[in-house]
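A.B. asks: I have a structure here, written as structure tokens, and I will follow up with some questions on it.
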Amino acid sequence: MKNVITAIGAAALIVLAAGAVWYFMDKRYREVEAERDQLRARNEAFTRDMGRLEAEFARLRYEADTLASKRDSLASEGDAVRRQRDALAGEREAIAGERDSLRKAQAETVSHYDALVGQLAQEVDKGNLQIKQYRNMLTVDVADKIFFDSGSAEIKESGMTVLKKVGEALALYPDKIIRVVGHTDNVPLSKAAQEQFSTNWELSVARATTVVRFLQDECAITPERLVAAGRGPYQPVAPNKTPAGRQKNRRIEIMLLDRSLAEGMTPPSTSP
């Protein structure tokens, strides 16, 4: 009996011990579950925070790349502006240099023209010549009666004397072009003159060519400087209704020009 009681007591102790263990384990299990839930919540919050941080990082990275691109663009534009500024400064200096050169050339031209006018002053006083001076051009107008008989393209002896003086004066300026233009009135040529020249136009060209050949042969002016042209009755300086007007229109025009100006008035030459 005593053994039974002892066994029952031991069994009771075992049950109590088992209950205590179960209670402890259940409590611990619940604590572990609570900790797990807390960790899971923290992990989810961390994941959300990481997502937001990654999105914010991506946004900041995009803005940084955009700013870097704008910075590079502005730097490129700044370089372009500096190049343009330097180019404009160079152009300004070049223009200033050209302006000074033109002023110097103009002053030299005016001086040359004044000297030429002085050389021909005697013929001007005699009424053989009229001289018109422009900024970059000088024109010597000679009445056709000084050089030619009516309807003729041969220079008269008296005309040769005057033209010789003009040629000697022009020869002193080898950097200039000499353009000779023949002009007539609008009166048709006589039948005798028409046997050689169909119209006043052909006559004006022939007279200009004769003057050019004289300047080359008798005044040693190089032919590269000489240009001959004829305008016939198509560039009058006075009305052709009166004898006085027609006399003014019958003339030889000798122009002393800068090469740059002459190049714009004649077509370019071609090599044979």
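Readers should treat all values here as calculations from the given coordinates under stated rules, not as data from a laboratory. Because the structure is a prediction, the values reported are computed rather than measured. FYI the Cβ positions are ideal-geometry reconstructions off the backbone, even for glycines, and counts take in every protein chain you see.
A.B. asks: Can you list residues from other chains, or at least 5 along the same chain, whose modelled amide H is less than 5 Å from the amide H of Phe148?
C.D. replies: Lys156
A.B. asks: Now a separate question. What is the fewest-to-most order of Phe24, Phe214 by other Cβ atoms lying within 10 Å of their Cβ?
C.D. replies: Final ranking by Cβ density, sparse to dense: Phe24, Phe214.
A.B. asks: Please grab the % of Cα pairs in segment 34-82 that end up more than 14 Å from each other. The partial results should precede the final answer.
C.D. replies: Details: 796 of 1176 pairs.
When all Cα pairs of segment 34-82 are counted, 68 percent exceed 14 Å.
A.B. asks: Would you mind ranking Thr6, Thr161 so that the residue whose beta carbon has the fewest other beta carbons within 10 Å leads the list?
C.D. replies: On the way: Thr6 10, Thr161 13.
Exposure proxy ranking, most exposed first: Thr6, Thr161.
A.B. asks: Here's something else I'd like to know. For the chain, give the share of DSSP beta bridges that are antiparallel, in percent and rounded to the nearest 5; count only bridges with both residues there.
C.D. replies: Values: 21 of 27 bridges.
Expressed as a percentage, antiparallel bridges in the chain total about 80.
A.B. asks: Considering the Cα trace of the chain, what is its radius of gyration and what is Dmax, both in angstroms?
C.D. replies: So, for the chain, Rg and Dmax equal 54.5, 185 Å respectively.
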